[in-house]
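Everything below concerns the one structure shown next.
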Amino acid sequence: MQKKNLPSRKNRKQLTRAATAAAVVLGITGLSACGAADTGSSSSKGATDSVTIVVPSWVGAEANAAVAKYILENELDTEAKLTQLDESVGFDALNSGKADAILEDWGGAPKKVQLYVEDKKSIVEGGDLGVVGHIGWFVPKYLVDEHPDITDWKNLNKYKDLFKTAESGDKGQLLEGSPSYTTNDDAIIKNLELDYKTVYAGSEAAQITQMKEDYKAKKPFITYWWTPQWLNAQIDLVEVKLPEYKEGCDADPEKVDCGYAQTPLQKYFNADFAKDGGDAAEFLKNFNWTAEQQNEVAAMIADQKMSSEAAAEKWVKANEDVWKKWLP
């Protein structure tokens, strides 16, 4: 994706896409906000025999961590531990030294960034992941073919009956993913005076299942959705044009009446790990890939039902020209 003309990191949309769903496929270890047993990580020992990576609960983040883990263990002889935490708690873990790195942050914990990065300086920026994230409302293309003006938010009320469900009552349903994701959708609906209701599938996986079922049956649906996402290669979705995002339009969560920004996804490291983590830290700083590469691994995990370890191994063996550049 093109990054030019995108807003700076401090001005990007603050959107949490972290959920508290159970750990899946990764063999992820658990940490709590209160602390955990010593991980043996470089941030606490000044060595690189073990690295702990925070993994948010969506499959794209799982793909990042799986590939990083495989390379750390097989190329750098460094044990990698993966722990699934929501974004805010993940920053707490980095601050305390219980974890070393977050490889995909969507800007959803601005207060923690201010506290730990700007004030305490216990966490440092790790650079771009290389992937630009974007949230929006999407409808299937077959619906757009039938109703071309449905992609303008001003016309959504005209089509609300197409999207009614038992859960939404007399309003149109806007399908959401996990209730743990922080979105602006309720405020957008209210402030744009849209006759819609957010209805949560429960998780990313449940949302995908519903979308695939509706798409196969060619049913109308409108959904909160994002890019990059591996499913976008399998179903043809068109974004609904919400009012253009402008800096500050989302400053007050209750008054948001604009769409979502483009968000270059960021990495963050425990400051001690970044300084003293040796080759492991240098490798994670260099870790930078495209949305297409992330989607390839994510699809193996979520669609082809491969284990994250097997997916990472397959991708690494086929893309040596990419990841060799990340090594110290």
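All conditions but one from (1) over 19 Å from THR52 (Cα atoms); (2) in contact with a Leu (Cβ under 7 Å, 6 or more places away or on another chain) apply to ASN319; the one that does not is (2).
Evaluate the following for ASP252: is it closer than 23 Å to TRP58 by Cβ, of a type in the set (D, E, K, R) and not in a strand (DSSP E or B)? Criteria not met by ASP252.
The sole residue among ILE208, ILE235, ILE222 that is surrounded by fewer than 20 Cβ atoms within 10 Å (Cβ to Cβ) and not basic (Lys, Arg) is ILE235. Total residues in the range 106-149 satisfying the condition of being closer than 19 Å to LEU174 by Cβ, surrounded by 20 or more Cβ atoms within 10 Å (Cβ to Cβ) and hydrophobic (A, V, I, L, M, F, W, C): the figure is 5.
Every residue, every condition in (1) assigned to a helix (DSSP H, G or I); (2) over 18 Å from the mean Cα position of the chain (by Cα); (3) under 30 Å from LYS81 (Cβ atoms), yes or no:
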residue: LYS98; (1), (2), (3): no, yes, yes
residue: LYS121; (1), (2), (3): no, yes, yes
residue: LEU129; (1), (2), (3): no, no, yes
residue: ASP149; (1), (2), (3): yes, yes, no
residue: GLU167; (1), (2), (3): no, yes, no
residue: ALA187; (1), (2), (3): yes, yes, no
residue: LYS190; (1), (2), (3): yes, yes, no
residue: THR198; (1), (2), (3): no, yes, no
residue: ILE208; (1), (2), (3): yes, no, yes
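Here is a yes/no grid of residues against (1) assigned by TED's automatic domain parsing to the domain that holds VAL54; (2) closer than 30 Å to LYS218 by Cα; (3) in contact (Cβ under 8 Å) with a residue 40 or more places away in the chain:
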residue: LEU76; (1), (2), (3): yes, no, yes
residue: GLN84; (1), (2), (3): yes, no, yes
residue: LYS98; (1), (2), (3): yes, no, yes
residue: GLN114; (1), (2), (3): yes, no, no
residue: LYS121; (1), (2), (3): yes, no, yes
residue: THR151; (1), (2), (3): no, yes, yes
residue: LEU156; (1), (2), (3): no, yes, yes
residue: THR165; (1), (2), (3): no, yes, no
residue: GLU176; (1), (2), (3): no, yes, yes
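For the range 280-322, a residue qualifies if it is over 13 Å from LEU103 (Cβ atoms) and either in the same structural domain as TRP230 (by TED's automatic domain parsing) or assigned to a loop (DSSP other than H, G, I, E, B) (or both), and the qualifying residues are THR290, ASP303, GLN304, LYS305, MET306, SER307, ASN319.
Checking TYR181, TYR215, TYR224, TYR245 one by one, the residue that is assigned to a loop (DSSP other than H, G, I, E, B), farther than 30 Å from SER96 by Cβ and of a type in the set (Phe, Trp, Tyr) is TYR245 and no other.
The values are calculated or read from the model by the stated rules, or taken from the named source; none is laboratory data. Computed from a prediction, not measured in an experiment: that's the story for all the values here. Cβ coordinates were reconstructed from backbone atoms using ideal geometry, including for glycine residues, and neighbour counts include every protein chain displayed.
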